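First up is the structure itself, then whatever we jot down about it.
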Amino acid sequence: MKANFKKDDVVLVIAGSERGKTGKVVRVLGDRGKVLVERINLVKRHQKQTSPQNPGGIIEKEAPLNLSNVMLVCPSCNKPTRVGRRHLDKDRRVRSCRRCGESIDKA
């Protein structure tokens, strides 16, 4: 599955219990069609102590969200948008905002 998101993109959650929240993409799991968003969809996990430096206990970590449940926030118009593709050169493509038409990627 082709993901329109990259690490450090700002996304808005559009479905689920975290609906309406925005956060930064930590990791894209493209093969599974999921994305990890910073401080969104937190779950608690019981972790065993592995060494004195890594104590055990109940830790909170982000659970993956489905790609269909998040929407990219355009850095120029600051609104959630769909992602389009534009050809700059023969070989270069950039992501563009469908709402304002500006380029999302740094050219």
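The values are calculated or read from the model by the stated rules, or taken from the named source; none is laboratory data. Here the structure is a predicted model, which is why all the values come from computation and not from measurement. When we count neighbours, we look across all protein chains shown, and the Cβ atoms used for this are built from the backbone with ideal geometry, even at glycine.
Tabulated data for the structure shown
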item	result
Residue in segment 49-65 that is touching an Asp or Glu at 6+ places or on another chain (Cβ under 7 Å), farther than 24 Å from S103 by Cα and aliphatic (A, V, I, L, M) present	no
Some residue of segment 13-21 being modelled with pLDDT of 95 or more, surrounded by 10 or more Cβ atoms within 10 Å (Cβ to Cβ) and within 24 Å of K106 (Cα to Cα)	yes
Where a residue in segment 3-17 is among the β-branched types (V, I, T) and its partner, wherever it lies, is exposed (fewer than 13 other Cβ atoms within 10 Å of the Cβ), with Cβ under 6 Å and at least six apart	V13/R19
Matching residues in segment 25-64 - criterion: being of a type in the set (D, E), modelled with pLDDT of 95 or more and over 13 Å from the mean Cα position of the chain (by Cα)	E60
